[in-house]
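A quick write-up on the structure given underneath.
Every read-out reported here was derived from the displayed coordinates using simple, explicitly stated rules and does not represent laboratory data. Note that the coordinates shown come from a computational prediction; the quantities given were computed from them, not determined experimentally. With ideal geometry, Cβ positions are generated from the backbone for all residues, glycine too; neighbour counts draw on all protein chains shown.
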Amino acid sequence: MDLRQLRHFLAVADTLHFGRAAEALGMTQPPLSQSIMALERELGAALFHRSKRHVALTPFGRQWAEHVRPAVQAVAELPQVAARLLAGTTGRLSLSFVSTADYSVLPRLVQAYAELYPDVEISLMEATSDVQVEALLDGRVDAGILIPTRPALPAPLEYRPLLREPLIAAVPEAWIAQNRLTVTDDILLGDDWMDQPLIIFPARVSPDFHELVLGFYRSRDRLPLIRQEAIQMQTIISLVSTGMGMALVPESLRHLARSGVRYLRLSGEPPSLETGLAWRKGDMPATLTALIEVCDEHSEWRHSLLYFE
C-alpha cells in the first residue's frame, strides 16, 4: 500500500466512476482498475461493488474512506508544515523558569511571544536554577529563565540578561507593631534589622542569590541569623507571614500579596538580582530562535525589564 493507491481509491470513491476518476488522475482506466484491485487484495476486502453500469462503495469502503481522506490530506500539507516549522511559526517550545520570574519577566515574555506566534505550543515548567541548568544540558527544555551562576554558566549554554531588580525586605507585619524594626515611609532604616532571623534560598539551589544576600550582610559587618531555608519564593513568603523570620526578595515579589507580610525598601544602595534567559548552544529549533529574537528585538520592552528599579 502506498500514497498513490490511496489517492486512486479516493478518486474513485468521489466520482463512483472509474473512467472519470482515471481522467481526473491523468491516467488510463486499466491501470487504475489494477491499482484498486491490488489494494483490495492487500486489505483482504472489497472496496467497491462493481457492475457494467454502476459503481458503489461497500460498507467497509465507505468507513475506510473516512480514515484515508484526512491521512492523504495530512500528507499533502506536510510541505507547508515543514515550512512553518522552519520559520518557527508552529511547533513546540519548552520553557522553564524560576519562581521569581512568575512575578516579573515571565508573563510579559510569554505574552509578547504568543502574540507573534499564536500557533506555537508553549510548555512551561517551574524549576530552580540548578535544576534548569541540568535540564538545558540534557536537552529536556529548550530555554530557561534563571538566576545565572557566576562567573559563568556551563560552557555549552548561552545567556541573555532580561531583568535586574533591587532586593527589598519582606517582614512580618507583627514585627512593625512590636517596634522590632525602624520603618519610615515603607523604608527599612538602620542596620538593627539585620539582627532579626532570616529566611533564605539555600546556596546549593541558587548560589548567586544566596551569596548576594550574605555579601550584603558582610558589607555592613553583620552575620545573618539564618532561621530557615526554602527553595520556593511562595514558601519563603508564607514562612514570613507566620513570623518565623524576614527575607530579602526581588522587588517584583510585591505582586505576591500575603496577609501578615509587609514589603519594605532598604535604605542606601540595595543589592540587585539579575535574571536572564539561557539555552544550549548549537542546532536550535526555530521556535527557540524566535524566542531569542523576541528578547533581542523588543528593545523598549527589554529596556523596561533590565532597569526594573
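Please state the equivalent ellipsoid semi-axes for region 151-192: what are the square roots of 5 times the Cα gyration tensor eigenvalues, largest first, in whole Å? The partial results should precede the final answer.
Working: eigenvalues 285, 23, 18 Å².
Its equivalent ellipsoid spans semi-axes of 38, 11, 10 Å.
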| query | If you project the alpha carbons of region 111-215 onto their three principal axes, what span does each projection cover, largest first, in Å? | reply | 53, 32, 19
| query | Can you give the Rg and Dmax of region 108-155 based on its C-alpha atoms, in angstrom? | reply | 12.6, 38
| remark: What helix-only [θ] at 222 nm does the chain give? Using -39500 (n - 2.57) per DSSP H run of at least 4, over all residues, to the nearest 500, the answer is -13000 deg cm²/dmol
| For the residue pair residue 232 and residue 1, what label-to-label distance in nm results when each label sits 7 Å from Cα along the Cα-to-beta-carbon direction? | 4.8
| Which far-off residues, 5 or more places away or on another chain, put their amide H under 5 Å from the one on residue 198, with H placed in the peptide plane? | 225, 226, 227, 228, 246
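What's the Kirkwood radius of region 1-109 in Å, using all Cα pairs?
Its Kirkwood hydrodynamic radius stands at 17.1 Å.
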| query | For region 3-63, what does the equivalent ellipsoid look like in terms of its semi-axes, each the square root of 5 times an eigenvalue of the Cα gyration tensor, given largest first in whole Å? | reply | 16, 13, 10
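Quote the FRET efficiency, to the nearest 0.05, computed for residue 29 versus residue 92 with a Förster distance R0 of 41 Å and r equal to the Cβ-Cβ distance.
On the way: r = 46 Å, r/R0 = 1.12.
So, using R0 = 41 Å, E works out to roughly 0.35.
By DSSP, what percent of the beta bridges with both residues in the chain are antiparallel, rounded to the nearest 5?
60
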| field | In sequence order, calculated HN-Hα J values of region 220-234 (Karplus, 6.51, -1.76, 1.60; Hz; x Gly/Pro) | value | 9, 6, 10, 10, x, 9, 6, 8, 7, 10, 8, 9, 10, 4, 4
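Quick one: of the DSSP bridges fully inside region 164-273, what percent are antiparallel, nearest 5?
In region 164-273, DSSP labels about 65 percent of beta bridges as antiparallel.
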| Which value in nm describes the separation of the simple spin-label points at residue 69 and residue 211, placed 7 Å from the Cα toward the beta carbon? | 6.5
| Neighbour-limited loop hits for trypsin sites (Lys or Arg not before Pro), region 1-105 (at most 12 other Cβ within 10 Å; DSSP other than H, G, I, E, B) | 52, 53
| query | Using +1 on the beta carbon of Lys and Arg, -1 on that of Asp and Glu, and nothing else charged, what's the dipole of region 3-76 about the Cα centre, debye to 20? | reply | 180
| Hey, what do the phi angles of region 107-115 turn into as Karplus ³J(HN,Hα) couplings, whole Hz, using 6.51/-1.76/1.60 and θ = phi - 60°, x for Gly and Pro? | x, 6, 5, 5, 5, 4, 5, 5, 5
| For region 175-191, 3J(HN,Hα) per residue [Karplus equation, 6.51 cos²θ - 1.76 cosθ + 1.60, θ = phi - 60°, Hz, x = Gly/Pro] | 5, 5, 5, 8, 6, 7, 10, 9, 10, 9, 6, 6, 10, 7, 9, x, 10
| message | Taking the Cα centre as origin and putting +1 on Lys and Arg beta-carbons and -1 on Asp and Glu beta-carbons, what dipole magnitude results for region 164-273, to the nearest 20 debye? | response | 240
| Within region 16-127, percent of DSSP bridges classed antiparallel, to nearest 5 | 30
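State the dimensionless ratio Rg/Rh of the chain (Rg: radius of gyration of Cα atoms; Rh: Kirkwood radius). Can you show the working numbers first?
Numbers: Rg = 31.2 Å, Rh = 24.1 Å.
Across the chain, the Cα-based Rg/Rh ratio is 1.30.
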| field | Evaluated at q = 0.10, 0.16, 0.17 Å⁻¹: base-10 log I(q)/I(0), Debye formula over Cα of region 164-273 | value | -0.23, -0.64, -0.73
